[in-house]
Amino acid sequence: MRQNQRASITGIGSYLPNKVLTNYDLEKMVDTSNDWIIQRTGIKERRIVENGVTTSDLATQASLRAMEDAGVSPKDLDMIITSTITPDHIFPSTSCYIQQKIGATRACAFDILAACAGFIYAMSIGQSFINSGAMKTILVVGAECLSKITDYTDRATCVLFGDGAGAVVIQRDPIKHEILSSHLAADGSEADVLIMPGGGARNPASLESVQQRLHYIQFKGKEVFKLAINNITNLILETTRENGLTLNDIDLIIPHQSNLRIIEATMEKLGLPMEKAFVNIDKYGNTSSASVPIAIDEARKEGRLRKGNIVMLVAFGGGLTWGSSVIRW
Ligand code: ACO
């Protein structure tokens, strides 16, 4: 029997807040309609945190589920890496709050920022530490409270986003889901097409920055739309080739859930049927860093991941950043 030599996903967990924000709720807040949102995005509803709930709260629940699934205790963790664009604070890191909340006292902890591609960036970092032998057990988290940076007076952006968290444990394991390779890319020349302009060193928080609504997500929708499809399509082709595979070898693509039309156009360009893409955007909208690990967890629960399957994770987001991982399930 073939035995894994490299990092594997040994546990998966996700957590969604209970509160549902439907398209009909949004109809009451901005000039939009359920039909428009479904036709242009595929989203029917999204989850939103209650006041006072933070990204580390969602992340902690997802992490506990992933650790239970892996059969590891908090003290087993060597490292916690969290991808988020909605940290509890700019500093200290959300990973440090997670470390404290789950009691992972041995683990070092830090966040990374690669927006919607961030979970794949984070998992790739963890994979490298495992493959090098430097660490044995790493928790990788993607968690967001995007409702905190969504402008609910702007119909062009507010219909897209939701809150949630997902996590995986990675270890070297002879039989579990081996990460065959990860591929990362970035293009800073397009940084302004998807941005939250306020709150950093360029536009520190001020009365003006709040009045100008700079502390919310802004994007040039059509440009992001086209860049996402082209870059994801090329990356899937490159990743497939570099692994010595063909598109037919891929059993399931788990894409970042940004817009159903982006996923459909990508699959069409690749000549692959939609049945080979996992989609849950209708229920959760775009949860940025959280979308891929939530989707992995749901795909598994729905029986879409079978032993030996070749699974491609792929994501694209602000930065611009994009990335993919190939996993032998
Ligand atoms: N309800 C009703 N009408 C709307 C809404 C709304 N919520 N939002 C925009 N419109 C109107 C526009 O004003 C425009 O009206 P006009 O023709 O009179 O000018 C019309 O609908 C069409 O608007 P478009 O922006 O052309 O619509 P499009 O088909 O491009 O869809 C969308 C917009 C959904 C934002 C799409 O471009 C998109 O998903 N882009 C990517 C967004 C993004 O950056 N996501 C986050 C990053 S992660 C990632 O995407 C990979």
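Quick one: length gained pulling Leu113 to Arg241 fully straight, 0.36 nm per residue minus the C-alpha distance?
Between Leu113 and Arg241, full extension yields 43.3 nm more.
Once the cut-off is 25 Å, how many percent of the Cα-Cα pairs in segment 8-131 end up in the long-distance tail? Pairs farther apart than 25 Å: 35 percent.
Computed over all pairs of different Cα atoms, the Kirkwood value for the hydrodynamic radius of segment 137-229 is 16.4 Å. A simple packing score, the average count of other Cβ atoms within 10 Å per residue, orders the peptides 197-203, 14-20 as 14-20, 197-203, with the highest score first. By DSSP, the beta bridges lying fully in the chain are antiparallel in about 70 percent of cases. Most tightly packed first, judged by the mean number of other beta-carbon atoms within 10 Å of their residues, the peptides 292-298, 165-171 read 165-171, 292-298. Where only DSSP H runs of four or more residues are counted, the chain gives -10000 deg cm²/dmol as its mean residue ellipticity at 222 nm, each run worth -39500 (n - 2.57).
Using equal-weight Cα scatterers in the Debye expression, the normalised intensity of segment 37-83 in log10 at q = 0.31 Å⁻¹ is -1.14. Taking a quarter of the surface of the convex hull around the Cα atoms of segment 206-329, what do you get in nm²? The directionally averaged projection comes out at 8.6 nm². With Rh defined as the Kirkwood radius, the inverse of the mean 1/r over Cα pairs, the Rg/Rh of segment 212-284 is 1.05. Taking a straight line from the alpha carbon of Lys176, these aspartates and glutamates sit under 13 Å away, with near neighbours fewer than eight places off in the same chain left out: Asp69. Roughly how far apart, in whole Å, are the Cα centres of segment 231-293 and segment 112-159? Cα centroid to Cα centroid, the span is 17 Å. Here is the link list: Lys148/Lys307; Lys222/Lys307; Lys101/Lys148; Lys101/Lys301; Lys136/Lys269. Which ones come out longer than 32 Å on Cα distance? Beyond 32 Å between Cα atoms: Lys148/Lys307; Lys222/Lys307; Lys136/Lys269. Protection proxy ranking for 80-91, 135-146, 22-33, using the average of other Cβ atoms within 10 Å per residue and placing the highest first: 135-146, 80-91, 22-33. Taking 7 Å steps out from each Cα toward its Cβ at Glu208 and Lys75 produces label points 5.5 nm apart.
Which of Phe316, Phe219 has the fewest other C-beta atoms within 10 Å, and how do the rest follow up to the most?
On the way: Phe316 29, Phe219 17.
Exposure proxy ranking, most exposed first: Phe219, Phe316.
Counted by neighbouring Cβ atoms within 10 Å, the residues Lys283, Lys307 run from fewest to most as Lys307, Lys283.
Translational diffusion of the chain, estimated by Stokes-Einstein from the Kirkwood radius over alpha carbon pairs at 20 °C in a medium of 1.002 mPa s, is 109 µm² per second.
The numbers here are math on the coordinates, done by the rules we state, and not lab data. Owing to the predicted nature of the structure, the values given are computational and were not obtained by experimental measurement. Neighbour counts are summed over all protein chains in view; Cβ atoms, including those assigned to glycine, are modelled from backbone coordinates with ideal geometry.
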